[in-house]
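The next block holds one structure in the form of structure tokens; read it before the comments.
The values are calculated or read from the model by the stated rules, or taken from the named source; none is laboratory data. The shown structure was predicted, so the numbers you read here are calculated from the model rather than taken from an experiment. FYI the Cβ positions are ideal-geometry reconstructions off the backbone, even for glycines, and counts take in every protein chain you see. Heads up: the accessible areas ignore ligands, DNA and RNA and are worked out on the full protein's heavy atoms, side chains in. Shrake-Rupley method; radii C 1.70, N 1.55, O 1.52, S 1.80 Å.
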Amino acid sequence: MSQIQVIPRISLTWLLVAQVLVILPHLSHLPLWVIGLWLGCAAWRVQIFRMRANYPSTLLKLGLMIATGCGVFLSRGSLIGLDAGVVLLVGAFILKLLEMRTRRDALVLIFLGFFVVVTAYLFDDSITAALYSVLPVTALLAGLIGLQQSSLASRPWDTAKLAAGLMLQALPIMLLLFVFFPRIGPLWSLPMPGGNAVTGLSDSMTPGDIADLSRSGALAFRASFDGEVPPRTELYWRALTLDRFDGRRWSQSSALNYSPSPDWQKAGDPVSYSIVMQPSSQPWLFALDVAETSLPQTRQLSDFRLQRSKPVERSLLYQVTSWPQALREPHGSSTGLRRALQLPANVDPRSRQWARELRQQYPQDEQLVNALLKHFNQQPFVYTLRPPQMSRDSVDDFLFDSRRGFCAHYAGAMTFVLRAAGIPSRVVAGYQGGEYNPNGNYVQVRQFDAHAWVEYWQPDRGWVSVDPTFQVAPERIESGLEQALAGEESFMEGSPFSPLRFRKLAWLNQIRLAWDNLNYSWQRWVLGYQGAQQLELLQRWFGRVEARELIISLVGGGALFLAFIALWLFKPWIRNGAPEQRLFSQFERLLRRHGIYRKAGEVPGHFARRAAIALPRQAPEIIQFYRSFEAQYYAGESIDPKLLRSQLRQLRRALPLRLSRLDRQQ
Amino acid sequence: MIAAVQARWNRWLTRRLPASSRVRLTQRRIFIVPSKVGVMFLLALTLMLLAAINYQNSLAYALTFLLGSVFIVAILHTYRNLSGLVLRAAGANTVFVGEHVRYQVTLESLNHAHQAISLGFADEPPLIVDVPPQASTPAELSLLTTQRGWLKAPRMRVESGFPLGLLKAWSWVDLDQQALVYPQPIAADLPPVMASVGDEDEQGLRVSADGADDFQGLRSYQAGDSRKRLHWKAYSRGMGLLVKDFASLGGSQTCLDIAALSGDQEYRLSVLCYWVLQYTERHQPFSLRLDDKQIAADTGDVHCQACLRALALTGLSQ
């Protein structure tokens, strides 16, 4: 039995390859020592393979297992949870290869390998990661096939080709299952890969934070509009509001999370769109004002933002309808308005003084706001990503001394002055604009589109948005950050080779937009293909969705594909005679051309003898062929179609060439 | 109870898979079910599906479905690996009791290759062979012999899990093979040379020397039989390959007579067997007398074979 248990060479080769391919995508989030362990174990295994080393002893194996467990605990702080679980899984995968001796071990290794591939998807589910994972899966399947092959098989590529062929044939049925298999919500909640620093807005803001974001070209979200895309200047994507100021930093007050949803009145035409947002590790969603969504576990907070119950840890698709002209809280809420007037004591005296002067000059709120905007517009303010250092009175420094700043400076300073003048106001943080992708008719918004603007409250009019940045640098709003900073070269300073920097090269830009469009479709149709999306697609195809139809489509389609594969594999249209019988009928046909017919029920031997008598000149060849045929077909000699074929060829050469049958001439 | 089920199963197998010296595995003959590994694989897929559902991860769904579909497609491939394979009986050697008889089987491919075919009798470790496309591979299955006479080969199990080992396809094949088993030679003192007994025996001896044997009947052809003895007329009538069976007559100076020995029948046959081998080695003519058969005196391998054959078969109903 030992012969059966040993792992064939081909299988071992492919398992070694598979291990490399399976672990590669995990390298970025594995602790360094695991990589060391892996290299050590792989080298050891190769030495065992070359008969230069022995298998590890039981004691050593136990030691390695415990050491791995301890290592995971030390580097991840626990043995449970997704991060630790993945490291443990990879560790088990590495150690299993080392101790792998029997076919059973190899099977365990292969199954572990599939699981490790699945965990890789939790960290990276991009289109490239998906395509890449075809490689480790093929290698694992090749290892599985290798286990079945006898030790005589010696060509690893054939095994891999077979594995790839199997996967290719399985593809149609896989697609059917993917489309029709009902998607249900999570059965129980599981830890998500988290803790990775994600660039994006946070719930507090110093002016420098948004300047930092502006250096990142990372994608924040993409939005597809049902109708026409609104003009760029109207694309103010709200994320959250910041209504607490401590003299340096704007942040959100904690009370906000518990307040009831605000009252607002729909007005004007709604805008419908869907958004696919990247994981942000924050609970808020992005939308135009004032937004409604059907996404479960999501509600509208009192500052009109949309917020999920849990942070967004993987890409998320949601449908939104917005009413840009809606009236927001025309009656106000006393606590909300009180919060919108809060100011820290004893900072920025000059700004407070200026606010008082403005108040005296403009008793009407709107006049005051307009005067403030005009001030930003007409005074020599500069829009720059490189503002000078501010002292303790940052608003004073900005308004009266440096006059150089970024959107966060303008929004912060304006809110400060409005509050000092007694007008309830707050800073809104979010994104402004976005790049329109004509290939897919959607807008992509990146981190450098991060923006801050102001909204103030008026009795009966409710909250009104204003953007002081527009007064200073209208090109920021009209065409984007890159144009606004054209003279400064500070746009995306951190990433000199990002394709976003080369938008002026038309062909490169085309490729970039097409690639982005592909990624977007991938996100919407593959990664986002969960409950709602599935229902929508099936409804579009079938009109209505009923279990019976789905099952019929699934089973019927699967059977159809299987039938095609079976036809292709078995080729029933090819008649499978035994090779020697096929050759004998060729022999018959050849003699028929020379007028010798095999009678019904005539034994081959008799026929051959008759032929030899009728064609005495070719008798030796005829008899030679028949003898070999007889020996192979009757006497149990091993089949050698080559010999028969060559003897048939000799006979054909010995016979005069005759293409048509003789009987017509006779 | 178990014996009854076993008997029923065997009857059913005989009906469904009749014995033949050339068997082509077709859908009637091939069974296929998931193997133990296949069941484990499906369990692993279930776990992966759970992970996909809980993490709402489309790629995990996709991989689960891909592997599931590979499993389904593998049914066709595993079946195909066995389907169309031709097994042919290619004879068996003759042995003495206590030795392994080796049944020759030829595996032929009519079109595609058949990989990793395991071949074996129920209780013996299987043999694993590959059959290249449109070629044949010989295989040899051995079986320990415990009694003399014709030993019919049991059904052999032809099995393959190729390509993935997640399913196994198998068939029970009866190639209608049998091997002749001679008695086990047991050493004993050689008998005294007997005196010549008259003219009739002399004549019988001459007859034997001329090689004119007594026609006994026809039996089916087996590898190793002389071509000269093929019964062509019967073949041309479509009765299959038959061989004329002959029995020798005659007497000799040394007569090995079963009646002259005492003891258990099998023991006596074993002693006779030993003597036949001894005399043949010494090139001494001898005759053989059994309860139901006599073989005239002669020497040589053919004579030896005839004697051994008679010893193997005496007292057994054919």
**Message:** Looking at the structure I just gave you, is A:TRP573 out of contact with any Asp or Glu (no Cβ under 7 Å at 6 or more places or on another chain), part of a helix (DSSP H, G or I) and open to solvent by 80 Å² or more (accessible area, probe 1.4 Å)?
**Reply:** no
**Item:** Of all residues making up the range B:17-63, the number that are open to solvent by 10 Å² or more (accessible area, probe 1.4 Å) and either more than 8 Å from chain A (Cβ to nearest Cβ) or in a strand (DSSP E or B) (or both)
**Value:** 23
**Item:** Residue count, the range A:109-139 (criterion: part of a helix (DSSP H, G or I) and either under 17 Å from B:GLY161 (Cβ atoms) or polar (S, T, N, Q) (or both))
**Value:** 6
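Yes or no, residue by residue, for (1) more than 26 Å from B:LEU59 (Cβ to Cβ); (2) at pLDDT 85 or above; (3) open to solvent by less than 10 Å² (accessible area, probe 1.4 Å); (4) within 14 Å of chain B (Cβ to nearest Cβ):
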residue: A:LYS266; (1), (2), (3), (4): yes, yes, no, no
residue: A:THR298; (1), (2), (3), (4): no, yes, no, no
residue: A:PHE304; (1), (2), (3), (4): yes, yes, yes, no
residue: A:GLN319; (1), (2), (3), (4): no, yes, no, no
**Fill in**
Screening B:ARG155, B:ARG88 for residues that are touching a residue at least 12 places away in the same chain (Cβ under 8 Å) and away from chain A (no Cβ under 12 Å) leaves only B:ARG155
**Request:** Considering each of B:ALA188, B:ALA212, B:ALA259 in turn, give the residue that is under 34 Å from the mean Cα position of the chain (by Cα), part of a loop (DSSP other than H, G, I, E, B) and modelled with pLDDT of 75 or more.
**Result:** B:ALA188
**Message:** Can you tell me which residue is nearest to the chain's Cα centre (by Cα) among those in the range A:377-395 that are surrounded by fewer than 22 Cβ atoms within 10 Å (Cβ to Cβ) and part of a helix (DSSP H, G or I)?
**Reply:** A:ASN377
**Close pairs (7 angstrom Cβ cut-off, 6 or more residues apart or separate chains): within 14 Å of another protein chain (Cβ to nearest Cβ) and farther than 20 Å from B:GLY161 by Cβ in the range A:1-27, buried (at least 18 other Cβ atoms within 10 Å of the Cβ) and modelled with pLDDT under 90 anywhere** = none
**Prompt:** Does B:ILE128 meet the test of being open to solvent by 50 Å² or more (accessible area, probe 1.4 Å), part of a strand (DSSP E or B) and among the hydrophobic types (A, V, I, L, M, F, W, C)?
**Reply:** yes
**Message:** Quick check on the range B:162-174: of everything there that is crowded, with 22+ Cβ neighbours inside 10 Å and within 14 Å of chain A (Cβ to nearest Cβ), which residue is modelled with the lowest pLDDT?
**Reply:** B:PHE162
**Message:** Kindly evaluate A:VAL90 against the criterion of being modelled with pLDDT of 90 or more and more than 14 Å from chain B (Cβ to nearest Cβ).
**Reply:** yes
**Request:** Hey, can you tell me all the residues within the range B:91-131 that are more than 9 Å from every other protein chain (Cβ to nearest Cβ), over 24 Å from B:PHE162 (Cβ atoms) and touching a strand residue (DSSP E or B) at 6+ places or on another chain (Cβ under 7 Å)?
**Result:** B:ALA92, B:ASN93, B:THR94, B:VAL95, B:PHE96, B:VAL97, B:HIS100, B:VAL101, B:ARG102
**Asked** Does B:ALA153 fit the bill of being surrounded by fewer than 19 Cβ atoms within 10 Å (Cβ to Cβ) and small (Gly, Ala, Ser)?
**Response** no
**Prompt:** Is there a residue being in a loop (DSSP other than H, G, I, E, B), surrounded by 17 or more Cβ atoms within 10 Å (Cβ to Cβ) and either at pLDDT 80 or above or within 7 Å of chain B (Cβ to nearest Cβ) (or both) anywhere in the range A:191-199?
**Reply:** no
**Asked** Right, B:ILE72: facing another protein chain (nearest Cβ under 9 Å) and open to solvent by 20 Å² or more (accessible area, probe 1.4 Å) or not?
**Response** yes
**Message:** Scan the range A:63-78 and tell me whether some residue there is closer than 22 Å to A:TYR121 by Cα, in contact (Cβ under 8 Å) with a residue 12 or more places away in the chain and among the hydrophobic types (A, V, I, L, M, F, W, C).
**Reply:** yes
**Asked** Of A:LEU518, A:LEU538, which residue is in contact with a helix residue (DSSP H, G or I) (Cβ under 9 Å, 6 or more places away or on another chain), at pLDDT 85 or above and away from chain B (no Cβ under 13 Å)?
**Response** A:LEU518
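Every residue, every condition in (1) at pLDDT 95 or above; (2) open to solvent by less than 10 Å² (accessible area, probe 1.4 Å); (3) closer than 21 Å to A:LEU107 by Cβ; (4) within 9 Å of chain B (Cβ to nearest Cβ), yes or no:
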site: A:PHE123; (1), (2), (3), (4): no, no, no, no
site: A:ILE127; (1), (2), (3), (4): no, no, no, no
site: A:PRO136; (1), (2), (3), (4): yes, yes, yes, no
site: A:LEU140; (1), (2), (3), (4): yes, yes, yes, no
site: A:GLY146; (1), (2), (3), (4): no, yes, yes, no
site: A:SER151; (1), (2), (3), (4): no, no, yes, yes
site: A:TRP157; (1), (2), (3), (4): no, no, no, no
site: A:LYS161; (1), (2), (3), (4): no, no, no, no
